[in-house]
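Q: My structure is below; once you've seen it, I'll send some questions.
The values are calculated or read from the model by the stated rules, or taken from the named source; none is laboratory data. This one's a predicted model, so the numbers in the text were calculated from it and none came from an experiment. Here the Cβ positions follow ideal geometry from the backbone for every residue, glycine too, while neighbour counts run over all protein chains shown. The area values use the complete protein model at the heavy-atom level, side chains included, leaving out ligands, DNA and RNA. Shrake-Rupley method; radii C 1.70, N 1.55, O 1.52, S 1.80 Å.
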Amino acid sequence: MTRARSAAKSSNRRLKKLFDWRTWHWMSSAVCLVGMLLFAVTGITLNHASQIEAAPTTYAKEAVLPSALLTQLNAAAEQTALPHSFQSWYQSHTGAALPALQQVQWSEYELYVALPRAGGDGWFSIALDSGEFYQEITDRGWVSYLNDLHKGRNTGFAWRMFIDVFSVACVVFSLTGLWLLYKHSRGRKSTWPLVAAGFVLPVLVLMVPAHAKADEVEITIPRLNVAEYHPPYVAVWLADSKQQRVADIAVWYDVNMADKEGEKWLKDLRLWWRRSGRSLSMPVDGVTGATRRPGTAKIDLTPWRDEFKALPAGEYTLFVEAARELGGREVLKLPVTLPITAPVTVIAEGKSELATTILTMEPQS
């Protein structure tokens with residue numbers, strides 16, 4: 001009987017401990033510790049993403065598919081999964097396996113596969129007539145990687161499940177902490193004012209009108225179904241009412257060609273070349289950069305705020321000009337009145353080399 005009573009008491013103590021709020025509080029805090037530190041730090045880095053410098057590294061690889069493999073690939077056209085034979089060839093030539101879920105895009109002349117990844121980006125294309133394979137993998141560094149972990153962006157199923165479990169643990173940690181505050185609040189008069197402040201302060205901050213200070217140009221380069229595609233050269237500049245250039249914003253061209261061969265083709269940006277390019281010594285710090293692949297790219301206009309404020313009041317035009325090897329040329333015009341006295345959004349739609357282009361500017365104090 002004594003042993004039975006002792007066993008019953010021990011079992012009761014274990015059950016009492018299991019359902020004790022303090023037990024759940026410290027267990028959830030242990031589970032959340034590293035995750036909360038990680039999410040707190042990456043919350044800061046995300047909040048100041050535009051102020052943190054990064055130097056992305058891009059790795060390129062070129063190859064030619066064997067004719068037999070190219071035939072199999074053409075036979076699998078329009079399918080969402082690539083043949084196993086190609087996946088084996090890909091792994092042997094790149095040293096990495098293709099992800100289980102691939103974003104495959106087929107066109108008449110080309111296969112394009114996006115390879116999104118945390119902390120970077122990746123893609124490859126295959127010419128369906130010649131079998132030419134080209135891949136680019138971009139690594140944006142540890143800060144970008146941790147930021148993507150925070151957002152759960154391109155991180156896979158396992159990490160998304162971890163975020164769910166972590167979120168549940170945080171809820172348990174918060175609620176058990178609130179209950180413990182209640183249990184020990186009698187001798188601590190500041191408990192509930194602090195709890196109320198933790199609720200009211202975020203609400204008050206959200207009620208403060210948001211005055212966005214983001215000035216930017218968002219340029220979308222369309223993906224074209226052509227046999228041979230080259231990323232377009234793009235020039236962005238501001239001109240006055242007489243169409244004279246007053247500020248060069250960006251010039252994207254092939255900066256990696258030997259002996260600066262890429263600069264020879266800047267003349268294809270005919271309007272920009274006549275207005276500004278022929279008088280510049282390339283490259284220009286803060287202006288020139290590499291060409292962009294199809295997709296959306298944003299140009300931060302913050303560095304030009306003071307320069308824009310110093311310009312005489314009047315009508316101006318932001319020009320976006322694109323020219324592509326073996327392709328066409330297109331110019332978009334986005335009118336704007338300086339100085340900016342109210343939020344401005346100007347949208348221009350391209351028809352060939354450019355897609356939607358959006359200029360956003362806010363009044364500056």
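Q: Out of everything in region 317-332 that is outside any strand (DSSP E or B) and of a type in the set (D, E, K, R), what residue ends up being modelled with the highest pLDDT?
A: Arg324
Q: Regarding region 211-218, can at least one residue be identified that is free of Cβ contacts under 8 Å to residues at least 24 places away in the same chain and open to solvent by less than 90 Å² (accessible area, probe 1.4 Å)?
A: no
Q: Hey, any hits in region 317-332 for a residue that's without any contact (Cβ under 8 Å) to a residue 24 or more places away in the chain, surrounded by fewer than 18 Cβ atoms within 10 Å (Cβ to Cβ) and not polar (S, T, N, Q)?
A: no
Q: Kindly evaluate Asp121 against the criterion of being closer than 28 Å to Met36 by Cβ and modelled with pLDDT under 85.
A: no
Q: Let me ask another. Filter region 100-126 down to the residues that are more than 29 Å from Leu146 (Cα to Cα) and open to solvent by less than 20 Å² (accessible area, probe 1.4 Å) and list them by number.
A: Hits for region 100-126 are Leu111, Ile126.
Q: Determine, yes or no, whether Leu354 is in contact (Cβ under 8 Å) with a residue 12 or more places away in the chain, touching a Leu at 6+ places or on another chain (Cβ under 8 Å), within 27 Å of Glu136 (Cα to Cα) and of a type in the set (A, V, I, L, M, F, W, C).
A: yes
Q: Scan the strands (runs of 3 or more DSSP E) fully inside region 157-257 and keep the ones with 2 or more residues being hydroxyl-bearing (Ser, Thr, Tyr) and modelled with pLDDT of 85 or more.
A: Passing ranges: none, list empty.
Q: Considering region 176-209 alone, what residues qualify as being within 15 Å of Cys32 (Cβ to Cβ) and either in contact with a Pro (Cβ under 6 Å, 6 or more places away or on another chain) or open to solvent by 100 Å² or more (accessible area, probe 1.4 Å) (or both)?
A: none
Q: Something else about it: What are the pairs with Cβ atoms under 6 angstrom where one residue, in region 11-39, is hydroxyl-bearing (Ser, Thr, Tyr) and the other, located anywhere, is at pLDDT 65 or above? Sequence gap at least six, or different chains.
A: Ser28/Ala169; Ser28/Val172; Ser28/Phe173; Ser29/Phe173
Q: Can Trp304 be described as open to solvent by less than 80 Å² (accessible area, probe 1.4 Å), outside any loop (DSSP other than H, G, I, E, B) and either farther than 30 Å from Leu128 by Cα or of a type outside the set (Lys, Arg) (or both)?
A: Taking the combined requirement at face value, the residue satisfies it.
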